[in-house]
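Report on the following structure.
Only the coordinates and a few stated rules stand behind these numbers; no lab work does. Please read these numbers as outputs of a predicted model, since none were measured by experiment. As a convention, Cβ positions derive from the backbone with ideal geometry for all residues, glycine included, and neighbour counts pool all protein chains shown.
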Amino acid sequence: MMLLQLDALMTALLIALFLLLLTTLLPWLISVTSSKSKVVKEELVELVGCPKCGYESSRKYEKGDYVGKVVGTCPKDSNSLIVKAIYVEKHTYAQ
Ligand SMILES: [Zn+2]
């Protein structure tokens, strides 16, 4: 009788351990499988804007560009367009 109770306790412990392992491994497993099916593309883009009227537009970063550089003229009021920010944009594609 004693032995049978111990056996049941061991089984319960094993099940609990298995469930614990499963809950800790599951998020990791999901992240591994989902990251494999996606392609991440990083692109350097810059935000250009007109300081006078507030016109803003984003475009691909061009070599040599920096924040504050005059890159053209505003389509609204012909004032100078300047680079306001340069940042990396991440695009994820599902395979
Ligand atoms: Zn403008």
Go ahead and run the numbers for FRET between Lys69 and Glu42, Cβ-Cβ distance against an R0 of 25 Å, rounding to 0.05.
-> 0.70
Multiply the residue separation of Tyr61 and Leu6 by 0.36 nm, subtract the distance between their alpha-carbon atoms, and state the gained length in nm to one decimal.
-> 12.9 nm
Cβ crowding within 10 Å averaged over residues, with 59-72, 19-32, 80-93 ranked highest first = 80-93, 59-72, 19-32
Output the pairs from Lys41/Lys63; Lys52/Lys90; Lys41/Lys76; Lys63/Lys90; Lys41/Lys69; Lys63/Lys84 with a Cα-Cα distance over 24 Å in this structure; if there are none, say none.
-> Lys52/Lys90; Lys41/Lys76; Lys41/Lys69
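Can you compute the FRET efficiency between Trp28 and Tyr87 using 1/(1 + (r/R0)^6), with r the Cβ-Cβ distance and R0 = 35 Å? Round to the nearest 0.05.
So, using R0 = 35 Å, E works out to roughly 0.70.
Which value at 222 nm does the chain reach when only helices count, each DSSP H run of 4 or more adding -39,500 (n - 2.57), with the total divided by all residues and rounded to the nearest 500 deg cm²/dmol? Walk me through the numbers before you get to the answer.
Details: 1 runs with 35 residues, N = 95.
Rounded to the nearest 500, it is -13500 deg cm²/dmol.
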The chain - Cys residues lacking any other Cys C-beta under 4.7 Å = Cys53
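Can you give the relative contact order of the chain as a percent, counting alpha carbon pairs under 8 Å and 6+ residues apart? Walk me through the numbers on the way to the answer.
Working: 118 pairs, mean separation 28.0, N = 95.
This gives 30 percent for the chain.
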